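A.B. asks: Take this structure first; my questions come after.
The values are calculated or read from the model by the stated rules, or taken from the named source; none is laboratory data. From a predicted model like this one, the values you see are computed outputs, not experimental measurements. So basically every Cβ, Gly included, is an ideal-geometry build from the backbone, and we count neighbours across all protein chains shown.
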Amino acid sequence: MDQRRRDLCGRRHVCLLTMKKERKEMRKKLSVITGGSSGLGLAAARCLASETSVLLCARGAAGLEKAKAGLLTFGADVHIFQMDAADAEAAKACAEYAAGLGDVVNVIHTAGVSPANTKAEDILRINTLGPINIVQAFYPVMEEGGVVICFGSTAGYVMDTNEKMAPLAPLAKQVYEKWKEPGFPALMMDFLADVMHLPENARAGSAYCLSKNFVKYFVYANTWRFAKKGCRILSVSPGSYLTPMHQALIDNAPESAERNLQGIPLQRWGHPYEMGKLVAFLCSKGAGYITGVDILADGGCTFAGTVNQIGE
Ligand SMILES: NC(=O)c1ccc[n+]([C@@H]2O[C@H](COP(=O)([O-])OP(=O)(O)OC[C@H]3O[C@@H](n4cnc5c(N)ncnc54)[C@H](OP(=O)(O)O)[C@@H]3O)[C@@H](O)[C@H]2O)c1
């Protein structure tokens, strides 16, 4: 159909509003997945790639290239961006790059590290600054209707459910509220040392619990801000999914892994594709009323241990 209108002199002009709308409709929808080169992030990317273009982000170039090559064989539209999520400037550059590629509708922040191979300081730095930087950088570029999903962990519930840790939760929240301060990860380290009284060699596991508890806090604290923009924000807390991260935990301590497995009512590790499907659902219109919450996907292990179970 001819989109042009005639002006008073009879000249024909293209309707600017129609052109703008068409151009917007032509722009691709983009899902950004940090940690997209491995494990749960890659599983999410696989599921989202059938609906949108995907931008995979991680520190390692080789992992990104490999993940990209794998997705290309499915015919996906894949882009990669090498970045450290703990670096605020890198997160901003990533958001800018993403907005240039298309309409940013989904941001899945899976990038994170665990005590399997990372020391307490780095766990706190990456697992707290990562979500902060990604949320702050992508907030301005998110399309209306979009969603940010940050990855927590069942470890993030220890602070709330463990008898020894739960009394410290209000104090931890006071530290979380200082998230804007430049030395925030160091404040979290001080909390581990001075409030939890943990010796240096016992801090990595608790640093992980604290960092993932913070993820939930940060998501809750962003709920109104995102809703006012017409967007959603939530977190997902995986139990134990068989990814390279979880495999490293098993390899480091096979006996404690076996004990953990016994404590999972479903009696198995999670499959990464199950997480991919969950993320895809949480990004869909059907999940449009889910915001400001944590979705616990753990085979039943977190809360089955907190109440007496009904027998056969
Ligand atoms: N698997 C589980 O059972 C499980 C359980 C509870 C919670 N989680 C959480 O789920 C998330 C994904 O875990 P996963 O099992 O998929 O781990 P994974 O297989 O080790 O993958 C982690 C991904 O994050 C990237 N990454 C790590 N640090 C980064 C940083 N500073 N900046 C950018 N990218 C970074 C890694 O790539 P590079 O190293 O190249 O950067 C990799 O792509 C994590 O947040 C983890 O804590 C997992």
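A.B. asks: Of ILE123, ILE132, ILE149, which residue is farther than 14 Å from VAL219 by Cβ and within 15 Å of the ligand (Cβ to nearest atom)?
C.D. replies: Selected residue: ILE123, the only one of ILE123, ILE132, ILE149 that is farther than 14 Å from VAL219 by Cβ and within 15 Å of the ligand (Cβ to nearest atom).
A.B. asks: Kindly establish whether CYS209 is outside any helix (DSSP H, G or I), within 23 Å of the chain's Cα centre (by Cα), closer than 28 Å to MET275 by Cα and within 13 Å of the ligand (Cβ to nearest atom).
C.D. replies: Judged against the criteria, CYS209 is not a match.
A.B. asks: Moving on. In region 262-283, what count of residues is obtained for those that are free of Cβ contacts under 8 Å to residues at least 40 places away in the same chain and either buried (at least 16 other Cβ atoms within 10 Å of the Cβ) or more than 16 Å from ALA43 (Cα to Cα) (or both)?
C.D. replies: Here the count works out to 8.
A.B. asks: Need at least 2 residues that are at pLDDT 95 or above and away from the ligand (no atom under 16 Å from the Cβ) per element, so show me which helices (runs of 4 or more DSSP H) inside region 7-118 make the cut, counting only ones lying wholly within it.
C.D. replies: 88-101
A.B. asks: Of all the residues that make up region 142-171, how many are within 20 Å of MET189 (Cβ to Cβ) and within 21 Å of the chain's Cα centre (by Cα)?
C.D. replies: Of the residues in region 142-171, 6 are within 20 Å of MET189 (Cβ to Cβ) and within 21 Å of the chain's Cα centre (by Cα).
A.B. asks: Something else now. Which numbered condition in (1) farther than 26 Å from THR306 by Cβ; (2) free of Cβ contacts under 8 Å to residues at least 60 places away in the same chain; (3) of a type in the set (A, V, I, L, M, F, W, C) is the only one that ALA169 fails?
C.D. replies: (1)
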